[in-house]
Amino acid sequence: MDLKKCPLCGVPRYLARNYRWTGTGCILARRDPESRMIFEEVDFYQYIWEELERLLGVVALEVMTRTQRLALRDYMDSHILFGWKKWAIRVAPMTPLISRVIRQSTVFGLGRFEYVDHRRGKYLVLRVKNPFHLPIVAEALREMMVSLRGCHYEMAWTDEDGGYIIHLLARKDMPLEAMDEENLLSLRRAKLEAMGGPVLPTGSGMRRCSECGLPEELSQLEWREQEGTVRFRDGGFRFVFVTSHVFPGVVKELERITGRELGTMVMELSRIYHRHALRRVKLGSRGATYDALNRYSEAAGWCKVTDYSFGPGYLELTMANPYHVPRLLGRFAAFFEHLEEQEAEVTWEPTAPHNLKVLFRAV
Ligand SMILES: [Zn+2]
């Protein structure tokens, strides 16, 4: 599949048409302003689920796939399948819908999907190469079919040379799995928190591509549709474009299950992950690094830094609309520590709704 891209910055037209970079640190879907999106590192997911499982002794991946399915069903129920549409879509032809899902997955960097076979109301078979996370992707597909068809689907995948075949089989004889209400509540709370709000003083404006209007920073990403991946041009790190509240929703669900507050642990894991990733990267001066980090944070939908100052051993920032404070500050801490070659002490306080003042100090 060839994606239509902006000739100047190389970002798919699909993103400019369907999403809005608000200038307040948020990326919102045009048709659904409650959907805040972010670019996230693929490796981070693998790393954090393994670490959380090890540290908490729970199957974090199971919680992740369950929450992902809930997020999808919640979205489909409230935005796609309400009222008459619910019935219309069940009789609509599947092929255009499958093509749309495949195109969107390519733009989001979720993997390279290909249609293999389907029979209405019976089964759907897709091929996927380079899925960003096979169980999550497969569960999301299954949930999509459950929502669309209103019946239970069994799912299995088989290895194939260089990829996988995902089989989804309708089981009308089996009851629909009920949504876990507690999990849904955690997820909705996470969504509310991730939503952000208006930004009071806007620091410098975002530099936008003169052709498509998206942040210039995104030109550092390369959409490789033959692979179904999105990669940082310099260094090859892989990214996905995902709903911002699923990860915080999983953290909340893990907190509910374990009865522990996990913010500190998530911040620490985020910091360690980026410290490790940064070993491959040569950073410039403090000024150039923080400037790039701040601009990237806005382009990737993580936050908007409205003011900052720095010097040897300290960095102070005011930021609006942080998407998930522990994840975000862990990332900033890693950059700070890499530059200072010392550990960071991180403190923060809210200055207004959706606004934080953050201080990193070398210790
Ligand atoms: Zn452009």
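Just so you know, all these numbers are worked out from the coordinates, no wet-lab data involved. Being a predicted model, the structure only gives us computed values, none of them experimental. Positions of Cβ are generated from backbone atoms using ideal geometry, with glycine treated the same way; all protein chains shown enter the neighbour counts.
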(request) Based solely on C-alpha atoms, express the radius of gyration and the Dmax of segment 123-166 in angstrom. (result) 10.6, 33
(message) Eigenvalues of the Cα gyration tensor times 5, then square-rooted: what semi-axes does that give for segment 84-200, in whole angstrom, largest first?
(response) 26, 20, 16
(message) Rounding to the nearest 10 and keeping the result within 0 to 90°, find how far the Cα-based axis of helix 286-299 lies from the longest principal axis of the chain.
(response) 30
(request) Divide the volume of the convex hull of the Cα atoms of segment 220-317 by its number of residues and quote the answer in cubic angstrom per residue. (result) 144
(request) Please report Rg over Rh for the chain, where both radii come from the alpha carbon positions and Rh follows the Kirkwood definition. (result) 0.96
(request) Quick one: give the max-minus-min coordinate of the C-alpha atoms of segment 26-77 along each principal axis, largest first, in Å. (result) 39, 24, 13
(message) Could you give me D for segment 227-275, from Stokes-Einstein at 25 °C and 0.890 mPa s, where the hydrodynamic radius is the Kirkwood radius over C-alpha pairs? Units µm² s⁻¹, please.
(response) 188
(message) Take the chain, mark every one of the trypsin sites (Lys or Arg not before Pro) that falls in a DSSP loop and has at most 15 other Cβ within 10 Å, then report the longest stretch left between them, sites excluded.
(response) 32-119
(request) Would you mind checking the pairs Lys191/Lys357; Lys252/Lys304; Lys252/Lys357; Lys129/Lys252 and listing those with alpha carbons more than 28 angstrom apart? (result) Lys129/Lys252
(request) Report the charge-dipole magnitude of the chain in Debye, nearest 20, computed about the Cα centre from +1 at each Lys and Arg Cβ and -1 at each Asp and Glu Cβ. (result) 1440
